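Notes follow the structure.
Every number in this text was worked out from the coordinates using simple rules, so none of it is lab data. Because the structure is a prediction, the values reported are computed rather than measured. Backbone-built Cβ (ideal geometry, glycine too); neighbour counts: all protein chains shown.
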Amino acid sequence: MRRTILVTGGAGFIGSNFVLQRIAAGDRVVNLDKLTYAGNLGNLASVQHNPDHVFIQGGIEDEALVQSLLAKHQPQAIVNFAAESHVDRSIVSPEEFISTNVVGSFRLLHAALAYYRALAPAAQAAFRFLHVSTDEVYGSLSRSDPAFTEEKAYEPNSPYSASKAASDHLVRAYYHTYGLPVITTNCSNNYGPYQFPEKLIPLVILNAFHGKPLPIYGDGLNVRDWLYVGDHCLAISLVLERGLPGKTYNIGGDSEMANIDVVTTICSIMDEFHPSGAPHSRLITYVTDRPGHDRRYAVDSSRLKRELGWSQQETFSTGIRRTIEWYLANTAWIQEVTSGDYRRWITANYEARGAK
Ligand code: NAD
Ligand code: DAU
C-alpha cells in the first residue's frame, strides 16, 4: 500500500538511505530536516526533482511547523530519525543533544498526538509513530554478558545515550498515557553509504585513502555490533508495516567486532582497492580514549526475526566491501562534506587526543 510518511532527519545518514528506499518502493516522503552539519541534501540528489519527495528545512522542535506539515500532507506515519548522533560531540557540547533529542522529540510527539486525535477511526488504526533509537541506551556489556534484549534495563552512559534514553521514555509515555500508537526501534552501529565521516568506519576509509593516521581510541578492544544501513532501513519498513504499537524492536547486525579488527579489515581491503606501496595498517595510531567509553554492545534481534520475519542481507564482509567501494567512487560527495565545519571538528577532536 502506498503511504505518505513524514520522515524527520531524512537528510542524514540513515534517514536519507530510508527516504531513498521508501521512494523506490512507491511511497511519498515529506522530509523535515534542520540541515545541521550532519544533514546533506547531496544524499538526496537522485530524488531532488521527484514529486514523491517533499523537502522542508526546519527543526522537529518547531511544533507549529510540524503541525502545519501534518495538516497539509496527512501522513499515515511519522518516522523520527532527527537527532544529534555523535557521542564525541555530546561529550564536548551536550546542550544541542538535549534540545533536539529530548525537547525536539517531545514537541514532535505533542504535535503528532494532536494530529492523531483529529483523525477518523480508520486512519487512527493505520497511523504509526516510529521512533528510531539506539542500543547505547542499554549501557555497556562485559565480554561474557548476553546481548541486549528489549527487556534490558536502560543504563545510558554518555550525554548522547542519556538524551536518546530520555526521548525513548517520552515515546513510551505517549503510548501509555495518551494511546498514541508508537513503536521504538533500538539498533546497533550502522555503516554504509552517506555516513558522515566523523564516525569510525568512514573516517578510517577516508584517512586511509589520504595516507593519514587511523585513530584508535584506548586499547582498540571496544566491541560494536555492525549493521549495514540498507538492512536497518528494511527492518524499519517491516516494523512500520507489521510492528505492534507500544512495542520495541531491537535491530542488530549479528556482527560483533573489536574496533581494531574493523580497522585492520578496512586496511586490508584498501590495500586491494587502493594500493599505496605499503600496507595501510602502518597508519594505525592509538590515541587517548573517549571518556566513559562503553566497552561492548551486542544486540539480540530475535524478536524482530521471530515475529516479523526480518533477517540481515549483508554480512560484515560483504557490507564493508560495498561501503568502501561506495566511498572510493563518490569523491565529489566526500569533498563537499569534508570542507568547513568538518575540518574544524577533526582538528579539535584529534589534536586534543594526541597519539599515545
Ligand atoms: P546523522 O547525524 O547522520 O543525521 C541526523 C539528521 O538529523 C541530520 O540530517 C540533521 O540535519 C537532522 N537533524 C538534527 N537535528 C534536527 C532537528 N532539531 N530537527 C530536524 N532535523 C534535525 O544521524 P544518523 O546516524 O543518520 O542517525 C539517525 C538516527 O538513528 C538518530 O536518531 C540516531 O540516534 C539513531 N541511531 C544511529 C545509529 C548509527 O550508527 N548511525 C545507530 C543507532 C541509532
Ligand atoms: O551503537 C549505536 C551508536 O553507534 C549510535 O547510537 C550513534 O549515533 C553512532 O554514532 C554510533 O556510536 P559509536 O560511538 O559506537 O560510533 P563511532 O563510530 O563514533 O565509534 C565506534 C567505535 O570506534 C567506538 O568504540 C569509538 C571508536 N572510535 C571512534 C572514532 C570516531 C575510535 O576508536 N576512533 C575514532 O576516531
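Between amide H atoms placed 1.01 Å from N, distances below 5 Å from TYR217 occur with VAL287, all of them 5 or more places distant or on a separate chain. Close amide-amide hydrogen proximity is noted between ILE284 and LEU214, each under 5 Å apart and 5 or more residues distant or on a separate chain (H modeled in the peptide plane; Pro and chain starts excluded).
In order along the range 234-244, the Karplus-derived 3J(HN,Hα) couplings, from 6.51 cos²θ - 1.76 cosθ + 1.60 at θ = phi - 60°, round to 5, 5, 4, 4, 5, 5, 4, 6, 10, x, 9 Hz, and Gly and Pro are given as x. Each principal axis of the Cα cloud of the range 248-356 was evaluated for its coordinate range; sorted largest first, these ranges are 46, 35, 28 Å. Using the Cβ of SER16 as centre and a radius below 12 Å, the other residues enclosed give a net charge of 0, where K and R count +1 and D and E count -1.
Cα-Cα pairs above 19 Å in the range 54-171: how many percent? Please list the in-between numbers first.
Details: 3614 of 6903 pairs.
Cα-Cα pairs of the range 54-171 separated by over 19 Å account for 52 percent.
Note on HIS293 and TYR178: with the Förster distance fixed at 35 Å, the Cβ-Cβ geometry gives a FRET efficiency of about 0.40.
Ranked by the mean number of other Cβ atoms within 10 Å of their residues, highest first, the peptides 111-118, 307-314, 161-168 fall in the order 161-168, 111-118, 307-314.
For the range 201-303, a Kirkwood hydrodynamic radius built from all Cα pairs, placed in the Stokes-Einstein relation at 4 °C and 1.567 mPa s, yields a translational diffusion coefficient of 83 µm²/s. For the listed peptides 132-142, 208-218, a ranking on the average number of other beta carbons within 10 Å per residue, highest first, reads 132-142, 208-218. Using the Cβ of ALA126 as centre and a radius below 12 Å, the other residues enclosed give a net charge of +1, where K and R count +1 and D and E count -1.
Taking other C-beta atoms within 10 Å as the exposure proxy, ARG107, ARG344 rank ARG344, ARG107 from fewest upward. Summed over all non-identical Cα pairs, the Kirkwood treatment of the chain gives a radius of 20.7 Å. Diffusion coefficient of the range 298-356 by Stokes-Einstein, Kirkwood radius over Cα pairs, 37 °C, 0.692 mPa s: 214 µm²/s.
Spacing of the modelled spin labels on ALA120 and SER99, each 7 Å from Cα toward Cβ, amounts to 4.1 nm. Centroid-to-centroid, using Cα positions, the range 59-121 and the range 231-262 are 21 Å apart. What the phi angles of the range 52-69 give under the Karplus curve with 6.51, -1.76 and 1.60, with θ = phi - 60°, is a coupling list of 7, 10, 10, 9, 10, 7, x, x, 5, 6, 8, 4, 5, 5, 4, 4, 5, 5 Hz, glycine and proline written as x. In the structure shown, the pairs LYS247/LYS305; LYS34/LYS164; LYS72/LYS247; LYS72/LYS164; LYS34/LYS199; LYS199/LYS247 are assessed against 23 Å; a Cα-Cα span above that value is assigned to LYS72/LYS247; LYS72/LYS164; LYS199/LYS247. Working note: Karplus 6.51/-1.76/1.60 with θ = phi - 60° gives the range 211-223 the couplings x, 9, x, 9, x, 10, 6, x, 8, x, 9, 5, 10 Hz, where Gly and Pro are set to x.
Here the range 1-43 is treated as a sphere whose radius is the Kirkwood value from Cα pairs; by Stokes-Einstein at 20 °C and 1.002 mPa s it diffuses with a coefficient of 209 µm²/s.
Can you tell me what percent of all Cα-Cα pairs in the range 181-251 are more than 20 Å apart? Tail fraction, whole percent: 46. Among PHE148, PHE97, the ranking by other beta carbons within 10 Å of each residue's beta carbon, starting with the fewest, stands as PHE148, PHE97.
Is it possible to state the helix-based mean residue ellipticity at 222 nm for the chain, with each DSSP H run of 4+ residues giving -39500 (n - 2.57), the sum divided by total residues, to the nearest 500 deg cm²/dmol? What is it?
-12500 deg cm²/dmol
The alpha carbons of the range 5-76 give a radius of gyration and a Dmax of 11.3, 30 Å, in that order.
Our summary of shape: the Cα atoms of the range 267-321 have principal axis extents of 50, 33, 8 Å, ordered from largest down, in whole angstrom. Once you divide the Cα radius of gyration of the range 98-234 by 2.2 N^0.38 Å, the number left is 1.28.
Among GLU96, GLU84, GLU336, the largest mean-square fluctuation in a Gaussian network model of the chain, built with springs joining Cα atoms closer than 10 Å, belongs to GLU336.
For ARG296, the amide hydrogen comes within under 5 Å of the amide hydrogens of LEU141, VAL223, counting only partners 5 or more places away or on other chains and with H modelled in the peptide plane.
Across all C-alpha atoms in the range 21-116, the radius of gyration and Dmax reach 14.2, 41 Å. With R₀ fixed at 30 Å, the C-beta to C-beta distance from ARG322 to SER68 puts the FRET efficiency at about 0.15. Note on the range 126-141 and the range 310-347: Cα centroid distance 24 Å, given to the nearest whole angstrom.
Computed FRET efficiency, Cβ-Cβ of ASP261 and ASP52, R0 45 Å: what is it to the nearest 0.05?
Numbers: r = 41 Å, r/R0 = 0.90.
Efficiency computed from Cβ-Cβ geometry: 0.65.
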